[in-house]
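The block underneath contains the structure these notes are about, expressed in structure tokens.
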Amino acid sequence: QVQLVESGGGLVQAGASLRLSCAASERTFSNYAVGWFRQAPGKEREFVAAINRSGSSTYYADSVKGRFTISRDNAKSTVYLQMNSLKPEDTAVYYCASRRYGSSTSYLAYDYWGQGTQVTVSS
């Protein structure tokens with residue numbers, strides 16, 4: 001059982017930056033791909049970014065491409081989501097999720113989820 005804990009959310013103005021962290025309890029975290037998803041009130045959970053086990057491949061939703069960067073430090077069992085040029089439409093609860101082996105853009109593919117961290121971007 002992998003436990004994931006997100007942190008780094010908050011309230012910022014449009015154009016600001018935030019860095020989210022996802023810390024895992026699993027020592028062999030390098031065996032797990034990780035995805036970030038978000039869910040705004042009244043909307044479905046949507047894919048944001050994903051990274052493979054080694055960190056050599058990353059994937060992004062079109063809406064965040066060029067603004068968000070996903071990275072990982074397997075020695076620290078932590079994945080990061082650097083969010084720049086934030087927009088009000090980025091407001092949501094952000095979740096990290098993990099699965100063994102390959103990464104995926106579908107939330108259905110992930111086995112373990114964190115509790116989420118709120119990101120609010122004011123205009």
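Structure above, values below:
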item: Considering residues of region 70-103 that are within 26 Å of GLY15 (Cβ to Cβ) and small (Gly, Ala, Ser) only, the residue nearest to the chain's Cα centre (by Cα); result: SER71
item: Residues (in a loop (DSSP other than H, G, I, E, B) and more than 16 Å from PHE47 (Cα to Cα)) located in region 76-114; result: SER77, ASN84, SER85, LEU86, LYS87, TYR101
item: Among the residues listed as SER71, SER123, SER85, SER56, the single one being under 23 Å from GLN3 (Cβ atoms) and not charged (D, E, K, R); result: SER71
item: Selection within region 88-120 - among the charged types (D, E, K, R), within 20 Å of GLN1 (Cβ to Cβ) and touching a Lys or Arg at 6+ places or on another chain (Cβ under 9 Å); result: ARG100, ASP111
item: Cross-chain or 6+ apart pairs with Cβ under 7 Å, region 87-106 first and without any contact (Cβ under 8 Å) to a residue 24 or more places away in the chain, then open to solvent by less than 10 Å² (accessible area, probe 1.4 Å) and of a type in the set (D, E, K, R); result: none
item: Region 19-38, residues that are part of a strand (DSSP E or B), open to solvent by 40 Å² or more (accessible area, probe 1.4 Å) and in contact (Cβ under 8 Å) with a residue 60 or more places away in the chain; result: ARG19
item: Neighbours by Cβ (under 8 Å, 6+ apart or cross-chain): first from region 49-67, free of Cβ contacts under 8 Å to residues at least 12 places away in the same chain; second part of a strand (DSSP E or B) and open to solvent by less than 30 Å² (accessible area, probe 1.4 Å); result: none
item: Those residues of region 78-123 which are basic (Lys, Arg) and open to solvent by less than 10 Å² (accessible area, probe 1.4 Å), in sequence order; result: none
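The values are calculated or read from the model by the stated rules, or taken from the named source; none is laboratory data. Just so it is clear, the model here is predicted, and its values are computed rather than measured. Every residue, glycine among them, receives a Cβ derived from its backbone with ideal geometry; neighbour counts consider all protein chains shown. Ligands, DNA and RNA are excluded from the accessible area calculation, which covers all protein heavy atoms including side chains. Shrake-Rupley method; radii C 1.70, N 1.55, O 1.52, S 1.80 Å.
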